[in-house]
Amino acid sequence: MSHTETSRLMKSRACRKKLIFLFLVLYFPGMTGRSFNLNGQPTGSGDEKVLVHLSKPFYVAGEMLKYRVYTFNNTTHERVLSSRILYFVLADYKGNAALQWRINLRKENIVGSYKLPAELPGGVYTLTAYTSRMRNYRDGNLNSQNIILSNLAQEFPDTLYIPVLAGKQAFGRFFREAGQDLTVETGSAYNAGDMAEAIISMNKGSAGDTASLSVSVFLSPPVSNAVMNDSLLQLKRNNTGNEDSASAVTGQVYPEENKSFMLSGTVKSRISNAPVSDGRIILAVADSLFPHIRYSRTDSTGKFVFFLDRWFDNRELILQNGGAAVEGGIVWDIDRKKPSIPGRPYVPYAVQKSEINSFTMLNESRLIESVYGNPDPAMQAGVLPPGTNYFGPPDMLVKPADYSDLVNLKEITENILPGVRFVGKSNTYALQIFNVKTGQWPESDMILLNGVPFYDMNFIATLGTKDISRIEVISRNYLLGDLTLEGLVSIYTHNHKIPESYLKNRSYIFQNTVAPSDKPAGHIVQGGSSAAVSHDPDFRTILLWDPDREITGSQKLVIRFPVSLLTGTYDIVVNGITHKGTVVSGKTSFEVK
């Protein structure tokens, strides 16, 4: 091939590459200028969207924060996210997390609640909802909104510090109440004790669509929601504020939790700070029925990960190093699920005397609500699916109470546990379990105490028949990951506890807090009639919380609810999302005289 032909060929190939690149740019608009993580997920802007409608914009410490969660994929237009875990963080104006919890996403829209601790001080808090995948997005894409909190035991502060929200779009902020995508009609005024009526309809442009809605009716807060959640208004007041300061994307890549909750972390040597590579991490839960044990190896950086199902929700998880002892012990660094958000600017708001008086009145109303309100829903929702006894039926089960009193484990093994020896060895004890196949007595340095791997044989030696409810023995080999246990003994005590001194020295304890999804109460109006009228028990300040409604484009949704005996201005806020993925909202007000 001549030099001229070679030059033409190279030019032709370069031209084709340019055309291919131009095609990619045209075919995938918005792709240029965006970075992608290891899973191919964009990190600059997000496709997973979350919207949270709260029952009201102000709360009192100790009551239930009630919400409706809407999920939506901005790329595929699917209503159900691929992520299965949604996190909530309630932070003060300085960005310090005051409260954290999560929920399981198993359907498109979730109704839930969470009890606010009674000790939370009054002030402005920012509630942020996000998935693990959304932590790869900019802060402006996270759903954040400000709420006001007061405390019954404290005077309301005379200055509120309002965090500036980064979001400029509806998906990044609280629902817009000014768009009026929905028409909400009601009477202008009602007498105390009347029955009020709200008529909700969609605009003409949504005639062929259907929307899922949530409706709340509450006493107008002394400080308006516009002041609390309008970023532009806040920035106008704050001359030094910089909205982009909270919009940086973290360099870390966060995985998508599309199956279950991921508990991950890193272990390092306490002395050298070097990662414990190829370590053996065991996760267990103290349980009186049967063991639930997970096992993970660490990689070269000392990182481990567990994928946890519902059985582990709202339980105290115990992590231990099951491998060779590390001199000086190890340091646990558990991956936090809070987004990495730089310090937000905040603006001061001087609370007027009349506003402080109004908050005081709301606190007094809350005292009445506490007497008549429904009991708090349990943290544990329903009955957990039964766990699987990880080693199957034991080869032997003994209840020491069925025998004469034996003061320690050595006496128990010598008298009522055939095939098990508990022998003294080098100022400690060793457990031996007879293997029928090999005819040998291999030693085991681990025992299960109330379902938790336990290595302190000196403590085990002190347990007698008055302490132990039952003993289970496996005389065959059991494989836990790449750990081969040559026989296993499980001891269950009457108090179902693990010694605190042992846990403090050898383990890391993680409280796995999960808020259950609530089942929405029956609709306020069933069948279009007012025969079955009920309302949320916050009967003075919140007249209605109906988080699960459907409306079609041509339908007029009529909702009736009793009016409070407390006079003042009340807001009706309706938020929702259509099946086509359009955010809709509407708002109106009425007076109670």
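The values are calculated or read from the model by the stated rules, or taken from the named source; none is laboratory data. From a predicted model like this one, the values you see are computed outputs, not experimental measurements. Cβ coordinates were reconstructed from backbone atoms using ideal geometry, including for glycine residues, and neighbour counts include every protein chain displayed. These accessible areas exclude ligands, DNA and RNA; they are computed on the full protein's heavy atoms, side chains included. Shrake-Rupley method; radii C 1.70, N 1.55, O 1.52, S 1.80 Å.
Worth a mention:
- Prolate/oblate/rounded label for the range 469-523 (Cα gyration tensor, a/c 1.5): prolate
- The lysine pair count for the range 383-486, using Cα distances under 16 Å and pairs eight or more places apart or on different chains, is 4.
- Cross-link reach list, aspartates and glutamates versus LYS556, counting only Cα pairs under 13 Å and skipping chain neighbours closer than eight places: GLU185, GLU197
- Solvent-accessible surface of the range 60-122, averaged per residue with a 1.4 angstrom probe and all protein chains in place: 36 square angstrom.
- With a Förster radius of 25 Å applied to the beta-carbon distance between LYS504 and ARG106, the computed FRET efficiency rounds to 0.10.
- Under 15 Å, Cβ to Cβ, from GLY302 - net charge with Lys/Arg +1 and Asp/Glu -1: +1
- Residues of the range 577-593 with amide N under 16 Å of the 7 Å Cα→Cβ point at THR552: 579-580
- Stokes-Einstein diffusion of the range 424-484 at 20 °C, 1.002 mPa s viscosity, Kirkwood radius from Cα pairs, rounded to a whole number: 163 µm²/s.
- Two-decimal Rg/Rh across the range 264-327, once Rg and the Kirkwood Rh are taken from alpha-carbon atoms: 1.02
- By a 1.4 Å probe calculation restricted to protein chains, HIS77 has an accessible surface near 110 Å², given to the nearest 10.
- Spin-label model distance (nm) - THR569 vs THR76, 7 Å beyond Cα toward Cβ: 4.4
- For the range 388-460: rounded, prolate or oblate by the Cα gyration tensor [a/c cutoff 1.5]: rounded
- Listed residue pairs exceeding 29 Å between alpha carbons, taken from LYS115/LYS303; LYS66/LYS259; LYS115/LYS338: LYS115/LYS303
- The residues packed around SER490, meaning those with a beta-carbon under 12 Å from its beta-carbon, carry a net charge of -2 if Lys and Arg are +1 and Asp and Glu are -1.
- Pairwise centroid distance, computed over Cα atoms, of the range 60-79 with the range 404-453, Å: 53
- Distance (nanometres) between label positions extended 7 Å along Cα→Cβ at LYS466 and ASN203: 7.7
- Net charge of Cβ neighbours under 15 Å - reference ASN408; Lys, Arg +1; Asp, Glu -1: -2
- Couplings for the range 497-503, taken from phi via the Karplus curve 6.51 cos²θ - 1.76 cosθ + 1.60 with θ = phi - 60°, read 10, 10, x, 4, 4, 5, 4 Hz in order; Gly and Pro are left as x.
- Sites VAL227 and THR301, calculated FRET efficiency, Cβ-Cβ separation with R0 56 Å, nearest 0.05: 0.75
- Nearest-10 value in Å² for the accessible area of MET446, using the 1.4 Å probe: 10
- Average Cα contact separation per residue, the range 443-486, under 8 Å, 6 or more apart, as relative contact order %: 29
- Sequence of LYS410, LYS66, LYS556, LYS466 from largest to smallest accessible area, 1.4 Å probe: LYS466, LYS556, LYS410, LYS66
- Binned Cα-Cα distances of the range 38-164, short to long, each 10 Å bin given as a whole percent: 12, 42, 30, 13, 3, 0
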